1. Could you go through the range 219-229 in sequence order and give the Karplus-derived ³J(HN,Hα) for each residue, using 6.51 cos²θ - 1.76 cosθ + 1.60 with θ = phi - 60°, rounded to whole Hz, and x for Gly and Pro?
2. Compute the longest continuous run of the chain that contains no exposed GluC sites (Glu not before Pro); treat a site as exposed when its DSSP state is not H, G, I, E or B and it has at most 16 other Cβ atoms within 10 Å.
3. Between N215 and V47, what FRET efficiency comes out of the Förster formula 1/(1 + (r/R0)^6) with R0 = 25 Å and r the beta carbon distance, rounded to 0.05?
4. May I ask for the longest run of the chain untouched by trypsin sites (Lys or Arg not before Pro) that are loop-located per DSSP and have at most 10 neighbouring C-beta atoms (other than their own) within 10 Å?
5. Among Q358, F332, N344, which residue has its Cα positioned farthest towards the positive end of the charge dipole of the range 317-373, with +1 placed on the Cβ of Lys and Arg, -1 on the Cβ of Asp and Glu, and the dipole taken about the Cα centre?
6. Say each of S64 and V285 gets a label point 7 Å from the Cα, pointing the same way as Cα to Cβ; how far apart are those two points in nm?
7. Given the options V226, L205, V182, identify the residue whose Cα lies farthest towards the positive end of the charge dipole of the range 160-240 (+1 on Cβ of Lys, Arg; -1 on Cβ of Asp, Glu).
8. What are the extents of the Cα atoms of the range 360-431 along their three principal axes, in Å, largest first?
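The values are calculated or read from the model by the stated rules, or taken from the named source; none is laboratory data. Note that the structure is predicted; figures quoted are calculated from it, not measured. Cβ: placed from backbone, ideal geometry, glycine included. Neighbour counts: every protein chain shown. For accessibility, only protein heavy atoms count, side chains too; no ligands or nucleic acids. Shrake-Rupley method; radii C 1.70, N 1.55, O 1.52, S 1.80 Å.
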Amino acid sequence: MDKKIKIALVCLIFLFCSLKVTAEESRPLSLEGAIGEALLYNPEISVAKRAYEAANARIWQAASLKDPMFEMEYNKMVANRMLTGQPMKSFAISQEIPFPTKLYLRAKIAAKLAKMAYENYKFKERQIFAEVKSVYADLAMIYKSIDVMLEQKNLLEQFSASATTRYAANEATQGDALRAQVELAKADTELIMLEQKRLTAQARLNVLMNKDPKNEIGAPSPEEPVSRLPALERFYTTAERNNQELKAYRYGIEKGAAAYDLAINEMMPDFVIRYQQMVQDDRAVGNMWAGMLGVTVPLWFLEKQSFGIKEMKAELEMLKAEYRAKENMVLFDIRDSYARVEANKKVVELYETSFIPQADETLKASLKGYASGKTDFLTLLDGQRSLEDFKLEHYKAILGLRVALADLERYMGITMDEMEEKDTNDNKEKN
């Protein structure tokens, strides 16, 4: 009896765990959950992060001296010249020391490169962030389109049944029933194509989260409606302060300025210090040592250092020009994304308040008219197609709106929520 009870308890526990896993798997993936997983596990972000860590580790290397050189000398060729007739033995240590400002500037260049790598890493995060939003919206639109097609298929099945009934009663032609079957076949074909698109979008989202592309995600959770947009100038100023690419370019200019200063400092001499100690009977002889101080002379500065200065100056001007070009491109992208957001927002409102309700009323009227024999079947099909097209175009406009918002946030460098939070904090500080 006890054994049976134990077996029953094990079965219940197994069933409970299976139901729990199934429930978790069927739970729709939220946008925040998809973004969180992508930021944690996306391999492209990991590559950019490791590149930043590598660049950050080079700073102290650039600020360090070269390794000192330790030398041991055993000279038997001059042994006969010594009173003892023993070979000459000595040890020496030397150190190269660059001009002090050179070490500082090399470390400064490495630090700016590390900051550039950090901004590139944060930009990659923002890029993946926007891409997840776009793919998530695409997947949501596909699910909505599937719902629309299933709804329209149900309508067509009703139309087919009605046309068949009327044909049997000699109130309609056989062509009406055949047209309904053709439309049903088109709906089935469209559902097959939508399923293929769903699997593709789902695989893209899984890849962004570094998961198996075959993983089933389920229908995305509904997103909140878009609130009113701030003025365009607000996005310009936000992008100039927060866009990670612009920050990286600014650090690039600072790196170029430091490289130019370093090229000028290459005119300054470097030093070498060397100490040598004689050894006799395996002991250092106190009064037998030598010291040396060497100084490099930039004798060929007209052929070397001067051209290095010209090179770094040209590179600095190139970096400034690249920054201006990138700034103009970012502002253009902001303007383009902003215009797409506004346009799609208006289109979505038109479909929700005008086109779809009107098409729905028209279809209902056509359905009543066909049932009473006042409307032909082609008019009924036109009403059904118009409603289907309007609903699909409505979801496409929502997708365009979500993608444009994701692009706008990527070019700004922060999300809309982060921008509003900053505005709130700034207002609190002013008050």
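1. 5, x, 5, x, 9, 6, x, 7, 7, 5, 7
2. On the way: sites that count: E171, E216, E223, E303.
Counting at most 16 other Cβ atoms within 10 Å as exposed, the longest clean stretch of the chain is 1-170.
3. Details: r = 22 Å, r/R0 = 0.90.
Using R0 = 25 Å, I get an efficiency of 0.65.
4. Values: sites that count: K66, K76, K214, R228.
The longest such stretch corresponds to 229-431.
5. Q358
6. Rounded to a tenth, the inter-label distance reads 3.7 nm.
7. L205
8. 71, 26, 9
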